[in-house]
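Engineer: First the structure, then my questions, so here it is.
The values are calculated or read from the model by the stated rules, or taken from the named source; none is laboratory data. All of these numbers come straight from a predicted model, not from anything done at the bench. Quick reminder, even Gly has a Cβ in these numbers, built from the backbone with ideal geometry, and neighbours come from all protein chains shown.
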Amino acid sequence: MLRSVILAAAGSARMERFVANAPISKNIVHRFVAGDGTEDALRVSRELADDGLAVSLDHLGEDTLTAEQAEATKDEYLRLLGRLKETGLTPATEVSVKLSALGQKVDDRTAYEHARAICAAAADAGTTVTLDMEDHTTTDSTLEILAELRKDHPATGAVLQAYLRRTEGDCRELAASGSRVRLCKGAYAEPESVAFQSALDVDKSYVRCLNILMAGEGYPMLATHDPRLIAITEDRARWFDRDPSEFEIQMLYGVRPDEQARLAAAGYTVRVYVPYGDQWYGYLMRRLAERPANLAFFGRALASR
Ligand code: FAD
């Protein structure tokens, strides 16, 4: 219930103005977001690399409604990848891209062309791109664009969301050699017709999908902070005889950093998803929806002003 209310607020322009103008917001934001600019993203990538962690950088922004905005997002990724190449932070740092920020909801051909330019720049910088997955109305289009991109850039990664009823089938399709698949629970408010609603059903789906990906020939990227699912991931890696170089565990910047360090010290590849940019509102609201403790932290910070 609380999750649905917060996710509804994530789409509210009025709520966005209120939160963005709250004087304390920046402190809360910086717990989950590297900062506003490219150099902030590079600084955090370097710090995490020094701690033995891999990174996926995400330039914040979604639901781009004009061609100019989409172009500006593409240009920011090209600038970022140029800087990653110059600073030698690749291949440990890759990038995550939301197709909606490249104009997918206006014209998916434009989003594809921009994504293709970003994949080419990533290849030039010696790294890869993962396409984030957004709400279920975009899943087909995102997977179609992924298939096109993989013709020239086969290492382009996909994200599949365990809460969607279709995802087991998508895992079977994508568990092939050369394919990189991030499996997450899913962060959007989705109707019962397309998505499991209870946490238990989502977790069970996650484990079924995990089994398919670990048994397959691709490179699974298990994105979760859930201790039970991490333990099951470690167990399945042993069961399917996967070397730590043959899969990775991913977590969000600012969430369970001690666990990230523990897993890296145990020899796993741990990739931290690091968002940056000033369009942090939707991202922050999804993090608050996931964890009431984060909401209490947010409320206390506002009240203390
Ligand atoms: P949850 O059900 O949120 O939490 C399970 C348990 O994990 C909790 O009970 C607690 O024990 C522990 N835990 C969780 N958070 C904390 C915390 N802050 N501190 C301490 N313990 C905690 N979603 C999409 O829809 N599309 C994407 O493209 C996408 N990309 C992602 C990329 C990465 C790298 C990650 C990690 C997540 C991504 N997500 C994405 C978000 C994802 O779908 C979930 O919403 C999010 O990860 C929360 O789910 P969870 O698996 O961590 O489990």
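Engineer: Being surrounded by fewer than 21 Cβ atoms within 10 Å (Cβ to Cβ) and either modelled with pLDDT under 95 or within 16 Å of the chain's Cα centre (by Cα) (or both) narrows it down to one residue among ASP140, ASP135, ASP152, ASP124; which is it?
Structural biologist: From the options ASP140, ASP135, ASP152, ASP124, the qualifying one is ASP135.
Engineer: Just to be sure I understand, how many residues within region 204-261 are within 8 Å of the ligand (Cβ to nearest atom) and assigned to a loop (DSSP other than H, G, I, E, B)?
Structural biologist: Summing the residues that are within 8 Å of the ligand (Cβ to nearest atom) and assigned to a loop (DSSP other than H, G, I, E, B) in region 204-261 gives 6.
Engineer: Tell me, yes or no, whether region 97-119 has at least one residue that is surrounded by fewer than 19 Cβ atoms within 10 Å (Cβ to Cβ), aliphatic (A, V, I, L, M) and not in a helix (DSSP H, G or I).
Structural biologist: yes
Engineer: Then there is this: Conditions: (1) touching a helix residue (DSSP H, G or I) at 6+ places or on another chain (Cβ under 8 Å); (2) at pLDDT 85 or above. GLU16 meets all but one. Number of the miss?
Structural biologist: (2)
Engineer: Sort through LEU295, LEU288 and tell me the only one that's under 22 Å from TYR206 (Cα atoms), surrounded by 13 or more Cβ atoms within 10 Å (Cβ to Cβ), at pLDDT below 95 and within 15 Å of the ligand (Cβ to nearest atom).
Structural biologist: Exactly one residue qualifies, and that residue is LEU288.
Engineer: Filter region 177-189 for residues that are modelled with pLDDT of 95 or more and on the phi < 0 side of the Ramachandran plot; which is farthest from the ligand (Cβ to nearest atom)?
Structural biologist: Here the residue is SER179.
Engineer: Considering (1) within 10 Å of the ligand (Cβ to nearest atom); (2) charged (D, E, K, R); (3) part of a loop (DSSP other than H, G, I, E, B), say which one GLU192 fails and leave the rest.
Structural biologist: Condition not satisfied by GLU192: (1).
Engineer: Follow-up question, since we're still on this one. Suppose we filter ASP36, ASP58, ASP75 for residues that are out of contact with any helix residue (DSSP H, G or I) (no Cβ under 6 Å at 6 or more places or on another chain), at pLDDT 95 or above, outside any helix (DSSP H, G or I) and not polar (S, T, N, Q); which single one remains? Full working, then the answer.
Structural biologist: On the way: ASP36 fails: at pLDDT 95 or above; ASP75 fails: outside any helix (DSSP H, G or I).
Unique residue meeting the criteria: ASP58.
Engineer: Pull up region 262-276, narrow it to residues that are of a type in the set (Phe, Trp, Tyr) and more than 10 Å from the ligand (Cβ to nearest atom), then point me to the one that is farthest from ARG286 (Cα to Cα).
Structural biologist: TYR268
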